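Heads up, the thing below is written out as structure tokens.
The values are calculated or read from the model by the stated rules, or taken from the named source; none is laboratory data. Keep in mind that this is a model prediction, so the values were computed, not measured. Cβ coordinates were reconstructed from backbone atoms using ideal geometry, including for glycine residues, and neighbour counts include every protein chain displayed. All accessible areas refer to the heavy atoms of the entire protein, side chains included, with ligands and DNA or RNA removed. Shrake-Rupley method; radii C 1.70, N 1.55, O 1.52, S 1.80 Å.
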Amino acid sequence: MYFVRTAGERDLEKVRALLVESFHATYDDLHGKTKVDDLIAHLFTPAALKARLVRKDAEFLVADDGRKIGGMGYAAMSQALTKTVILHLLYVSPALQRQGIGRDIFSELETCFPDAEIMRLEVEPQNAAAIAFYQAHGFTEVGRNEYSAPGQSGIPALIFEKTLEGH
């Protein structure tokens, strides 16, 4: 049984391992292992994970069974959009998917931002499982980012939004 709780600094190494495993399982077939390794090296350095952990207007959660971390989620208030929380990361270990861990993490994240009216996220257009998950949880597609400018990943993303309860 996995329980959702706030992540601590001692969790970051296990969270990074989960993200590496999940990113390769999700994106290697779409973008190649080298591109995924580059993304991981950029996005999930210990310093980058710690910065997320200590951010004041954010929530960093893990699903823990007492032995290992089976999933993680990270959301933060948008700096650019008012009353909008951005879901940056929601990943479950590939071996544990479809057991409700992602749902439980997501349910908790939805309640962590009382001032937010909208939750927004970006998802890889070919990631059918994630798109189905978000649609099942009330998200609708509202746009697309191409990320084709110099220095950007070149990987497009669909933008999804959901109105949060009570708004």
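Per-residue Karplus couplings for the stretch 19-31, computed as 6.51 cos²θ - 1.76 cosθ + 1.60 with θ equal to phi - 60°, are listed in order as 5, 4, 4, 5, 4, 5, 5, 7, 10, 4, 5, 8, 10 Hz, Gly and Pro entered as x.
By how many nm would the segment from ARG10 to ARG67 grow when fully extended, if each residue of separation counts as 0.36 nm and the alpha-carbon distance is taken off? Walk me through the numbers on the way to the answer.
Values: separation 57, 0.36 × 57 = 20.52 nm, distance 1.29 nm.
Between ARG10 and ARG67, full extension yields 19.2 nm more.
Which of rounded, prolate or oblate describes the stretch 20-167 when judged by the alpha-carbon gyration tensor and an a/c cut-off of 1.5? It is rounded, given that a/c, with a ≥ b ≥ c, falls under 1.5.
By accessible area, using a 1.4 Å probe on protein heavy atoms only, the chain has 51% of its surface on carbon and sulfur. With a threshold of 28 Å on the Cα-Cα distance, the over-threshold entries among LYS33/LYS68; LYS33/LYS83; LYS14/LYS35; LYS50/LYS83; LYS68/LYS162 are LYS33/LYS83; LYS68/LYS162. Between ALA132 and LEU39, residue separation times 0.36 nm minus the direct Cα-Cα distance comes to 31.1 nm. Stretching GLU165 away from ASP115 to a fully extended chain increases their span by 16.9 nm, per 0.36 nm per residue minus the current alpha-carbon distance. Once both labels are positioned 7 Å from their Cα atoms along Cα-to-Cβ, the gap between ALA80 and TYR147 label points is 1.3 nm. Taking Cα centre as origin and charging only the Cβ of basic (Lys, Arg, +1) and acidic (Asp, Glu, -1) residues, the dipole magnitude of the chain rounds to 300 debye.
The mean accessible area for residues of the chain, using a 1.4 Å probe and ignoring ligands and nucleic acids, is 54 Å² per residue.
With an 8 Å cut-off on Cα pairs and a minimum separation of 6 or more residues, tell me the relative contact order of the stretch 82-167 in percent. Numbers along the way, then the final one.
Details: 110 pairs, mean separation 26.6, N = 86.
Contact order relative to length: 31 percent.
Note on ARG103 and ALA48: with the Förster distance fixed at 30 Å, the Cβ-Cβ geometry gives a FRET efficiency of about 0.70.
Suppose R0 equals 25 Å; then what is the FRET efficiency for VAL20 and ARG55 from their Cβ-Cβ distance, rounded to the nearest 0.05? The computed FRET efficiency comes out at 0.70.
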